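S.K.: First, the structure itself, so that you have it in front of you.
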Amino acid sequence: MTTGKTDGSTMPGGTYVELRPGDTAPWFRQRSTSNDDHVFDTAAGRWIVMGFIGSSADAAGQRALAWLHAQRHLFDDNHIAFFGLTQDPADKGRLRAALPGIRWFWDFDRSVARLYGAAPTPPHPDPAAEPLRRFWKILDPSLRVRAVIRFAEGGADLQALAALLSDLPPVDQAAGITTAAPILYLPQIFEPELCARLVRTYDSSGGELSGFMVQRDGRTKLMTDPDHKTRRDVMIEDRALISATRERIRRRILPQIERAHQFHVTRMERYLVACYDAADQAHFRPHRDNTTSGTAHRRFAVSINLNDDFEGGDVGFPEYGPQTYRPPVGGAVVFSCSLLHRVTPVTRGRRYAFLPFLYDEAAAAIREANLARLDL
């Protein structure tokens, strides 16, 4: 996903994107100090400082690094995170992550620099002659631009940056008020008896380790990584039980989606009971549910709690603050699949949940068209 567009800012060698306060920052994937395919939009949920340093080898780059070292205490990944971007391949031998809080993107192809206005479009025929702009971009927890500060002689940019960071409000006050995620919170979707029946169905088979979808070389692949997600699932096959869950969702959730979002659901994907077990330190790190060819059709996710004798396991939406949601037994959280969300670690007991996806006929056509791109 990219947003922001060229508005006519030119320098020798091309035209530069201008992202201004209030604009949505572009999403991207790039190599980094910690990941060869780092998905930037999953970093939402804290203030972010992006430093387009160009290179650490010259005076301007060295000045930026010295400031970063002096202000190391600011970057904790909870309130503020720093993501530096270098376009100098030699920096791969000079720059290191400092976790928590400080990471570097290897933007040697300058693709991110072009998205953010540090490099021109179209590219200069001679990369060595292509002029780079250097600046700090500060993003809010929902990845909107809060400020842009150009590098300046004499350290004026660093003084302005330090003043701005010292004045940033807590993450849950980033918009000036306490914000809530744009979700539906709906009690009384499943009766306690139906919840118990679904839990028994899970326990009778024990569940299988659950993976997650990733996009690699244009294809959707199923992966497992216990650092990213730990959960066990059972697919419901009993036709009567499937019918019971579908009927309650049709009567009790679909009218609420239509009222709030003007979206007419016609399809439901998967009849799945999931278990987050404290014994496994079960959790699901921040992710979105529609970012691959195999999941692009998904429009709304539903999370229905089937029990309440556990601790942890709440659903959170980092772009809208640290608040988490825990519906009662039989209650649901319903949300757009494009929202970044997570499940906090279960620290006691087991959390059982029913987790379908909802979509419509237009999305069904997308799903059908993408079947050939699945490697499952």
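The values are calculated or read from the model by the stated rules, or taken from the named source; none is laboratory data. Treat the numbers as computed from the prediction; the structure is a model and nothing was measured. Ideal geometry is used to build each Cβ from the backbone, glycine not excepted, and the neighbour counts take in all protein chains shown.
S.K.: Out of Phe75, Phe83, I need the residue that is modelled with pLDDT of 95 or more, within 13 Å of Phe40 (Cα to Cα) and not basic (Lys, Arg). Which one? Reasoning before the result, please.
M.R.: On the way: Phe75 fails: within 13 Å of Phe40 (Cα to Cα).
Selected residue: Phe83, the only one of Phe75, Phe83 that is modelled with pLDDT of 95 or more, within 13 Å of Phe40 (Cα to Cα) and not basic (Lys, Arg).
S.K.: Residue under question is Arg342, and the condition is that it be part of a loop (DSSP other than H, G, I, E, B), charged (D, E, K, R) and either within 18 Å of the chain's Cα centre (by Cα) or not assigned by TED's automatic domain parsing to the domain that holds Glu258 (or both); does it hold?
M.R.: Numbers: part of a loop (DSSP other than H, G, I, E, B): no; charged (D, E, K, R): yes; either within 18 Å of the chain's Cα centre (by Cα) or not assigned by TED's automatic domain parsing to the domain that holds Glu258 (or both): yes.
So Arg342 does not fit the description; no.
S.K.: Let me ask something additional. Which pairs do you get when a residue that is free of Cβ contacts under 8 Å to residues at least 40 places away in the same chain, found in the stretch 211-233, comes within reach of a residue that is assigned to a strand (DSSP E or B), reach meaning Cβ atoms under 6 angstrom, with the pair 6+ apart or on two chains?
M.R.: If the second residue must be assigned to a strand (DSSP E or B), the pairs left are Gly211/Leu222; Gly211/Met223; Met223/Val214.
S.K.: Given the conditions (1) at pLDDT below 95; (2) under 24 Å from Arg144 (Cβ atoms), which single one is not true for Pro26?
M.R.: Condition (1) is where Pro26 drops out.
S.K.: Select, from Met50, Met1, Met11, the only residue that is closer than 30 Å to Thr292 by Cβ and modelled with pLDDT under 95.
M.R.: Numbers: Met50 fails: modelled with pLDDT under 95; Met11 fails: closer than 30 Å to Thr292 by Cβ.
One residue alone meets the criteria, Met1.
S.K.: Tell me, which residue of the stretch 230-286 that is hydroxyl-bearing (Ser, Thr, Tyr) and over 23 Å from the mean Cα position of the chain (by Cα) is nearest to Arg351 (Cα to Cα)? Spell out the reasoning first.
M.R.: So in the stretch 230-286, the residues hydroxyl-bearing (Ser, Thr, Tyr) come out as 230, 243, 245, 266, 271, 276.
Narrowing further to those that are over 23 Å from the mean Cα position of the chain (by Cα): 243, 245, 266, 271.
Details: Ser243: 23, Thr245: 18, Thr266: 29, Tyr271: 17 Å.
Here the residue is Tyr271.
Listed here are the residues, each with its yes/no results for (1) among the aliphatic types (A, V, I, L, M); (2) closer than 30 Å to Ala59 by Cβ.
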residue: Gly154; (1), (2): no, yes
residue: Leu161; (1), (2): yes, yes
residue: Leu164; (1), (2): yes, yes
residue: Pro182; (1), (2): no, no
residue: Asp203; (1), (2): no, no
residue: Asp227; (1), (2): no, no
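S.K.: Return the residues of the stretch 94-136 that are in a helix (DSSP H, G or I) and modelled with pLDDT under 95; say none if nothing qualifies. It would help to see each step written out before you state the result.
M.R.: In the first step, residues of the stretch 94-136 are kept if they are in a helix (DSSP H, G or I); the result is 111-116, 127-129.
Residues satisfying the conditions are Pro127, Ala128, Ala129.
Matching residues to (1) under 26 Å from Asn35 (Cα atoms); (2) crowded, with 17+ Cβ neighbours inside 10 Å:
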{"residue": "Asp107", "(1), (2)": "yes, yes"}
{"residue": "Arg110", "(1), (2)": "yes, yes"}
{"residue": "Ala113", "(1), (2)": "yes, yes"}
{"residue": "Pro122", "(1), (2)": "no, no"}
{"residue": "Glu130", "(1), (2)": "no, yes"}
{"residue": "Ile138", "(1), (2)": "yes, yes"}
{"residue": "Ser142", "(1), (2)": "yes, yes"}
{"residue": "Ile149", "(1), (2)": "no, yes"}
